[in-house]
1. Highest first, please rank the peptides 3-10, 128-135 by the mean number of other Cβ atoms sitting within 10 Å of their residues.
2. Nearest 20 debye, what's the magnitude of the dipole of the chain about its Cα centre given +1 on Lys and Arg Cβ and -1 on Asp and Glu Cβ?
3. Order 105-113, 118-126 from most to least packed using the mean count of other Cβ atoms within 10 Å.
4. Give the label of the value calculated from the structure for P(r) over Cα pairs in 5 Å bins from 0, in percent, choosing from (i) 2, 9, 21, 24, 22, 15, 7, 1; (ii) 2, 11, 20, 25, 18, 13, 7, 3, 1, 0; (iii) 2, 8, 10, 11, 12, 10, 9, 7, 6, 5, 4, 3, 3, 2, 2, 2, 1, 1, 1, 0.
5. Under 5 Å between amide H atoms, partner at least 5 residues away or on a different chain: which partners does Val108 have, H built in plane at 1.01 Å?
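Here, each number is a calculation from the coordinates, and none is a lab measurement. Here the structure is a predicted model, which is why all the values come from computation and not from measurement. Neighbour counts run over all protein chains shown; Cβ positions are idealised from the backbone, glycine included.
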Amino acid sequence: MIFSVLDKAHVGAQAQVGPYAYLRPGARLAKGAKVGTFVEVKASEIGEGSKVPHLSYIGDAIIGRDVNVGAATVTVNYDPETRIKAKTIIHDGAKIGSDTMLIAPVKVGKRAVTGAGSVVTKDVPAETVVVGNPARPLRKRKKPKGDG
């Protein structure tokens with residue numbers, strides 16, 4: 001945890017915190033979760049085995065198990081017009097492409113994928129790949145081998 005700041009945050013067993021990370025109050029890293037270089041986490045849960053490798057902001061979010069969040073991803077959680085902070089929920093096994101913006105309130109379904117640079121303004125169904133600005137469904141994700 002070189003030059004990282006942990007302010008009233010919880011870091012679970014075998015979780016990793018990279019250099020220059022900032023874990024603000026309410027940040028919770030589950031067992032084996034990874035937060036990398038220059039990542040800021042506020043009032044959010046990072047699930048078991050999930051990774052937020054670098055250069056991302058995760059605020060007011062719940063991230064499930066085995067999620068991968070690409071570099072430069074931002075959860076946009078504040079609406080200046082309503083002055084309301086909303087939640088982003090990312091379900092187990094989802095893959096969030098680099099430079100994705102998740103405009104809360106939004107949910108990303110189990111094993112869903114966002115393409116790099118996507119701007120997600122609506123819920124993403126499970127097993128669905130979305131791309132673009134605004135993000136639109138591209139196709140269903142293939143089932144993993146041996147999964148019926």
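1. 128-135, 3-10
2. 500 debye
3. Per-residue Cβ counts within 10 Å, averaged per peptide and sorted highest first, yield 105-113, 118-126.
4. Here P(r) over Cα pairs in 5 Å bins from 0, in percent agrees with entry (ii).
5. Result for Val108 returns Ile89, Ile90, His91, Val124.
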